[in-house]
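The structure appears right after this line, and notes come after that.
The values are calculated or read from the model by the stated rules, or taken from the named source; none is laboratory data. Note that the coordinates shown come from a computational prediction; the quantities given were computed from them, not determined experimentally. With ideal geometry, Cβ positions are generated from the backbone for all residues, glycine too; neighbour counts draw on all protein chains shown. Just the protein is used for accessible areas: all its heavy atoms, side chains included, with ligands, DNA and RNA removed. Shrake-Rupley method; radii C 1.70, N 1.55, O 1.52, S 1.80 Å.
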Amino acid sequence: MCGLEFNHIPVLFEETIASLNVRQDGIYVDCTAGGGNHSAAILNLLGENGRLICLDRDPDAIAAVTARFSGDSRVNVIQTRYSAVGEVLAGLGICAVDGVLMDIGVSSHQVDTAERGFSFHKDAPLDMRMSQCGTTAADLCNTMTWQQLAEIFSRYGEEKFSVRIAKAICAAREDKPVETTFQLADIISGAVPAAARRAGHPARKVFQALRIAVNDELGELERGLQAAFECLKPEGRLSVITFHSLEDRIVKQTMAKWCEGCICPPDFPVCVCGRKPAARLLFKKPAVPSEEELLRNPRSRSSKLRTCVKL
């Protein structure tokens, strides 16, 4: 698939751009550039002295944003994991930035490009690598023990039939390796009770879990949040869009920790810990899609936007 055909429908688009409060001469990082839609909106608000750094680990995304913003001297495009944002900025001679955006999870392009192997709706090699290098989902299915697979399905997919599915995969690979999306989806369908098959596609949670494991998405999110926050100037903003409860829990708890002040026991007459909040939340509850957006883009249903401001 040509990188220039990278399509991604951003969710909570206007809310996200507004949350960054873009200043004309500011420096901003789009940690998950994708097709460049968020980046383009930020650029439209920047003056000639503003600056934007676009990061993505997917070479298709990098090709797309490189082509889209070629000739704009305000933009740097770099292929890397977003947890490396600190090293990237240091390499560019930038000490701190005014805002960071992270749009977590899989993109529309990755799901809709059959040969990337993210979707159980299309037959393709069982891949799921965002960076297109390293260990694939097929590698995990063919080398891990059933206990290891069950742990992944349970932890990252919250799949209640994780043990049955994991044992079925290990039994199937005795005959031939599990190499395609349809092959895996069929194994999953055969492993779960009929009632579970009627309640939506039974492969959804397992595919999510494998994708998270292949790309170390939750570990990357934890490291990336910390790295991004450390890069912010005072009053700089970090906006994060999540798509499922596992991601959102990490973002919510991490931001709450930054916003926490005194941690002395309640019966202490005066504070002795001296702890001051490092951030404040821009809005107490996360922004969620409007009914209009849900009709326009059903994939936005589970999305949430949280923003914090560094103090």
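Assorted remarks:
- Taking a straight line from the alpha carbon of Lys160, these aspartates and glutamates sit under 15 Å away, with near neighbours fewer than eight places off in the same chain left out: Glu151.
- Inter-site label distance for Arg198 and Val288 at 7 Å from Cα along Cβ, in nm: 2.8
- Taking 19 Å as the straight-line reach from the Cα of Lys257, the lysines in range (excluding those fewer than 8 positions away in the same chain) are Lys233, Lys276, Lys284, Lys285, Lys304, Lys310.
- Here the convex hull built on the C-alpha positions of region 159-311 has a volume of 193 cubic angstrom per residue.
- Expressed as a whole percent, the accessible surface of the chain that belongs to carbon and sulfur atoms is 52, based on a 1.4 Å probe.
- Debye intensity ratio I(q)/I(0), log10, the chain, q values 0.07, 0.09, 0.12, 0.16 Å⁻¹ (C-alpha model): -0.31, -0.50, -0.85, -1.29
- Taken along the Cα-to-beta-carbon direction at a fixed 7 Å, the label points for Asp123 and Gln24 span 5.8 nm.
- Gyration tensor (alpha-carbon) shape descriptor, region 11-138, a/c threshold 1.5: prolate
- Estimated vicinal HN-Hα couplings, Hz - region 111-124 in sequence order (Karplus 6.51, -1.76, 1.60; Gly, Pro = x): 5, 7, 8, 3, 5, 7, x, 8, 10, 7, 7, 10, 7, 6
- Separation in nanometres of the label points that stand 7 Å from Cα toward Cβ, at Ser245 and Asp175: 3.5
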